[in-house]
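All of the numbers you see were taken from the coordinates with simple rules; none came from a lab. Here the structure is a predicted model, which is why all the values come from computation and not from measurement. Methodologically, a virtual Cβ is constructed for each residue, glycine included, from the backbone with ideal geometry; neighbour enumeration extends over all protein chains shown.
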Ligand SMILES: [Zn+2]
């Protein structure tokens with residue numbers, strides 16, 4: 001029996017270039033969760049209801065990301081409740097389906113925020129805690145492996161130090177420090193997941209990829225992790241679903257590949 005290996009991706013803020021990301025994912029049979037606020041960050045244009053339905057219609061998961069991308073930990077109890085419920089209701093009306101996942105705006109969360117999100121009926125939330133590959137994590141504190149962004153080794157170090165993740169610091173910082181760029185880091189961490197099992201989770205912002213000219217690098221990264229027979233390609237919610245079923249923690253004989 002083999003260890004479970006999962007690849008997932010998630011994309012934040014609902015920018016129009018998310019459609020280009022979706023094309024790149026679809027052509028490689030990769031799954032993705034798009035976390036979309038109701039109002040664009042800093043007034044930026046975001047996907048309209050038809051585009052969101054189109055993404056969902058092509059098999060991608062849509063998750064909540066707050067109403068106007070405010071830091072939820074700074075809101076009063078009433079503001080927090082309003083922001084979460086109104087953002088989910090608006091998204092669900094546009095989709096005609098329930099929303100099960102959420103992503104903390106700016107990655108900020110605390111116990112109060114988590115309680116309100118659980119009460120709203122959500123099943124999990126994604127954070128911005130990088131350099132994680134473990135199958136064990138709390139469903140409302142889903143970590144990621146890396147961001148499609150050229151972080152410096154110091155940025156990775158600060159991200160890990162903030163959550164006092166000694167294991168990840170010890171395990172992954174040598175790879176980060178010796179890698180030439182974020183795609184190298186991604187390859188190294190994917191190789192570790194292939195050897196030892198775990199989750200490889202890439203997240204990003206399509207506007208950032210556009211502004212920094214990272215499309216070719218993103219394609220290179222996606223090519224590296226796609227179409228592996230030993231890997232399950234799942235949305236953020238589906239990976240939680242799999243991990244909640246202890247009997248399915250080992251790979252079946254024939255692997256279901258993600259279908260767009
Ligand atoms: Zn965001």
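Short-range pairs are left out: with C-alpha atoms under 8 Å and at least six residues apart, the relative contact order of segment 9-243 is 24 percent. D by Stokes-Einstein for segment 1-71, Kirkwood Rh over Cα pairs, 37 °C, 0.692 mPa s: 255 µm²/s. Entry for the chain at q = 0.07, 0.10, 0.13, 0.14 Å⁻¹: log10 I(q)/I(0) = -0.22, -0.46, -0.81, -0.95, Debye formula applied to identical alpha-carbon scatterers, no solvent contribution. Listed by Cβ neighbour count within 10 Å, with the fewest neighbours leading, 222, 202 appear as 222, 202.
Panel note: the C-alpha atoms of segment 65-151, placed on their principal axes, show extents of 33, 29, 26 Å (largest first). Per the Cα gyration tensor, segment 1-147 maps to an equivalent ellipsoid with semi-axes of 23, 20, 13 Å, ordered largest to smallest. Pull up the DSSP beta bridges for the chain and report the antiparallel fraction as a percent, rounded to 5. Given both bridge residues lie in the chain, the antiparallel proportion sits at roughly 0 percent. Dimensions of segment 46-107 along the principal axes, based on C-alpha atoms and rounded to the nearest Å, stand at 36, 20, 20, largest first. By other beta-carbon atoms within 10 Å, ranking 103, 177, 125 with the fewest at the front produces 177, 125, 103.
Put the Cα centre of segment 165-198 next to the Cα centre of segment 51-126 and the gap is 30 Å. Let me know the whole percent of all Cα-Cα pairs from segment 119-245 that are separated by more than 25 Å. In whole percent, the long-distance tail amounts to 24.
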